[in-house]
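**Student:** Before I ask anything, let me first share the structure, which is written out below as structure tokens.
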Amino acid sequence: MSSFLYPDDLRYTKTHEWVRVEKEASGRSVAVVGITAFAIDALKDLVHVELPAVGRVFQAGQEAAEIESVKAVSPIYCPVAGEVVAVNTELENQLDRLAEDPYEKGWFFKVRITDPAGLDSLLDAAAYQKHCETESH
């Protein structure tokens with residue numbers, strides 16, 4: 001059984017990204033993207049993050065960022081199609097925020113969603129927890 005808690009208000013990918021959907025003032029949906037506590041624990045000893053540029057456009061599943069640990073460099077995939085509208089530059093100098101608060105302060109980037117149907121393919125918290133239980137570190 002996993003010892004991690006996965007917030008019910010988020011959606012998840014099998015590659016360990018999480019998504020929180022927020023509304024812009026214009027009413028358009030924005031996906032806030034980060035990586036889960038499960039992924040952070042598996043990576044251990046984080047040393048660097050490479051964030052996408054604001055204005056970049058990604059398709060769902062496309063590599064958008066990288067997180068580097070002392071062991072490896074791991075891609076961060078964009079869970080939904082859209083344009084990057086913000087990045088969390090504070091992570092670049094404060095990677096400890098990821099372990100301290102992966103679901104609030106530890107977000108990587110925000111994407112204005114161009115295909116809301118893409119959210120339907122993401123996992124809910126219970127399905128993601130089951131997926132993590134089948135993976136070994």
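**Student:** I need the shape label for region 8-55. Rule: rounded when a/c is under 1.5, else prolate if a/b > b/c, else oblate, with a, b, c from the alpha carbon gyration tensor.
**Tutor:** Oblate.
**Student:** Show me, for region 107-118, the HN-Hα J-couplings you get by feeding each phi into the Karplus relation (A = 6.51, B = -1.76, C = 1.60, θ = phi - 60°), rounded to Hz, glycine and proline as x.
**Tutor:** 5, 9, 8, 10, 10, 6, 6, 9, 9, x, 5, x
**Student:** Follow-up question, since we're still on this one. Among rounded, prolate and oblate, which fits region 67-137 when a ≥ b ≥ c are the square roots of the eigenvalues of its C-alpha gyration tensor, a/c under 1.5 means rounded, and a/b larger than b/c means prolate?
**Tutor:** Since a/c reaches 1.5 but b/c is at least a/b, the shape of region 67-137 is classed as oblate.
**Student:** Looking at (1) 1.57; (2) 1.75; (3) 0.98, which value of Cα Rg over 2.2 N^0.38 Å comes from a calculation on the structure shown?
**Tutor:** It is the one labelled (3).
**Student:** Non-local amide H neighbours of Tyr77 (under 5 Å, H modeled in plane, Pro and chain starts lacking H): which ones?
**Tutor:** Distant-sequence amide H within range of Tyr77: Ala64.
**Student:** Net charge near Ala72, counting Lys/Arg +1 and Asp/Glu -1 over other residues with Cβ under 11 Å of its Cβ?
**Tutor:** After counting each charged neighbour, the total is -1.
**Student:** Give the peptides 4-17, 114-127 in descending order of average Cβ contacts within 10 Å, highest first. Don't skip to the end; give the middle numbers.
**Tutor:** On the way: 4-17: 16.9, 114-127: 14.2.
Output ranking for 4-17, 114-127: 4-17, 114-127.
Read the figures in this text as sums done on the coordinates, not as results from a lab. Bear in mind the structure is a predicted one, so any value in this text is a computation, not a measurement. Positions of Cβ are backbone-derived with ideal geometry, glycine not excepted, and every protein chain shown enters the neighbour counts.
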